[in-house]
Amino acid sequence: MLRRDKQEKKILDVDASMQGTLTFKDPVNLRINGSFEGRLDTKGSLVIGEDASILADIHGDEMIIGGKLTGNIVASGSLKILSTAHIVGDITTPSLSVDKGAVIHGKCQMLTGKGNTFNIEELARYLEVEVSNILDWAKSGKIPAFKEGDDWKFERPKIEEWIAKEKTK
């Protein structure tokens, strides 16, 4: 009987023009070399090649950006911006590396708690909802949260689990 000790890597290399919403629930190594317009939610590794043209908000784990991107980026892990990148949009990540020559038009925010904990404003941006909604959900127990002094805090793994449950409802 053959046993596989290493998990097979899921690799998707796209060199095409696409539009819509792409959501990956399982980790995947995704590389986009063509154009994409819409929304992209990834787990695992995302590489946007230097010839790529992206018009999308992107949420993911580990990212490397080398092409043109217009949209906001939320990386829960690390974000590396190559010298060939041209980004128009806001960036939120706990770990950022920018090569000399890269162009960024937008704001950059480093998450607190090494990316494992959101404050209420960070979570509102991450979920793209109003702070008042997050506050209501936290007070009513609809979303996993805890208080630290007077501030609400949200643990990333619990939020990711909550998002997955909400999407299946």
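Tabulated data for the structure shown
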| read-out | value |
| --- | --- |
| Test: residue 128 is of a type in the set (Asp, Glu), within 16 Å of residue 159 (Cα to Cα) and in contact (Cβ under 8 Å) with a residue 60 or more places away in the chain | yes |
| Qualifying strands (runs of 3 or more DSSP E) (wholly inside the range 17-109; at least 1 residues being of a type in the set (Val, Ile, Thr)) | 17-23, 28-32, 44-48, 53-60, 62-65, 68-70, 73-75, 78-81, 86-88, 91-93, 95-98, 103-105 |
| Among (1) among the β-branched types (Val, Ile, Thr); (2) farther than 29 Å from residue 48 by Cα; (3) in a strand (DSSP E or B) - the single one residue 134 does not satisfy | (3) |
| Cross-chain or 6+ apart pairs with Cβ under 7 Å, the range 48-65 first and in the same structural domain as residue 18 (by TED's automatic domain parsing) and surrounded by 22 or more Cβ atoms within 10 Å (Cβ to Cβ), then among the hydrophobic types (A, V, I, L, M, F, W, C) and not in a strand (DSSP E or B) | 65/82; 65/85 |
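The values are calculated or read from the model by the stated rules, or taken from the named source; none is laboratory data. Quantities reported herein were computed from a predicted structural model and do not represent experimental measurements. Here the Cβ is made from the backbone with ideal geometry for all residues, glycine too, and neighbour counts use every protein chain on show.
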